[in-house]
Amino acid sequence: MLAKTVQDAQRKWAASVVANAKSILLRADKVATGNLMNSLGYSLDVRTGDIEFFSASYGEFVEKGRKKGARFPPSDPILRWIKVRGIKGRDKKGRFITDKSLTFLIQRAISRDGIKPLPFFNLAIRRAGGVKALNTAVAEAIKKDIALKVKQALKS
């Protein structure tokens, strides 16, 4: 089990990574419903010290992008995105098309062209100082913990 000071240092660093990831998504205009941004978080295993970051299932496609020629993405998230953004499609004659037709066209374009990646978690980790900053914070926490334990032992 990790000492509380070490856990606090890890939590502070992980929280800064999540805050940076949210900021990156906002600046890149990748927030339509707020679902992805609100799903960002982390978990800390207090026995091993492992930190795991997580997001909505489609966060992986924002982070890593999507290759050209991949199969069609699911229609439901695209349809929700169209509605939230208030996007209205038009045909060549300028007439409005249905949301279902627009969804298909977007799916086809994503399949054909792919999606450019936005490595928001990787960028956020770098902004938080990287693993080096985490290691430094943990080392400082361990120093404080040891100093406190030595001080307590000397008083006894």
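Here, each number is a calculation from the coordinates, and none is a lab measurement. The structure presented is a predicted model; accordingly, all values stated were derived computationally and were not measured. Cβ: placed from backbone, ideal geometry, glycine included. Neighbour counts: every protein chain shown.
See the values below:
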| item | result |
| --- | --- |
| Residue match in the stretch 50-64 (condition: out of contact with any Gly (no Cβ under 7 Å at 6 or more places or on another chain), on the phi > 0 side of the Ramachandran plot and surrounded by 13 or more Cβ atoms within 10 Å (Cβ to Cβ)) | no |
| Long-range neighbours under 6 Å by Cβ, at least six apart or interchain, first residue in a strand (DSSP E or B) within the stretch 52-75, second not polar (S, T, N, Q) | 53/42; 53/121; 54/41; 66/114; 66/115 |
| Top-ranked residue in the stretch 116-141 [being farther than 14 Å from residue 17 by Cβ and in contact with a helix residue (DSSP H, G or I) (Cβ under 6 Å, 6 or more places away or on another chain); ranked as surrounded by the fewest Cβ atoms within 10 Å (Cβ to Cβ)] | 117 |
| Hits in the stretch 76-96 - residues which are part of a loop (DSSP other than H, G, I, E, B) and surrounded by fewer than 16 Cβ atoms within 10 Å (Cβ to Cβ) | 86, 87, 88, 91, 92, 93, 94, 95 |
| Helices (runs of 4 or more DSSP H) (entirely within the stretch 97-156) containing at least 1 residues that are farther than 16 Å from residue 6 by Cβ and in contact with a Gly (Cβ under 6 Å, 6 or more places away or on another chain) | 99-113 |
| Residue that is nearest to the chain's Cα centre (by Cα), among those in the stretch 1-32 that are part of a loop (DSSP other than H, G, I, E, B) and charged (D, E, K, R) | 30 |
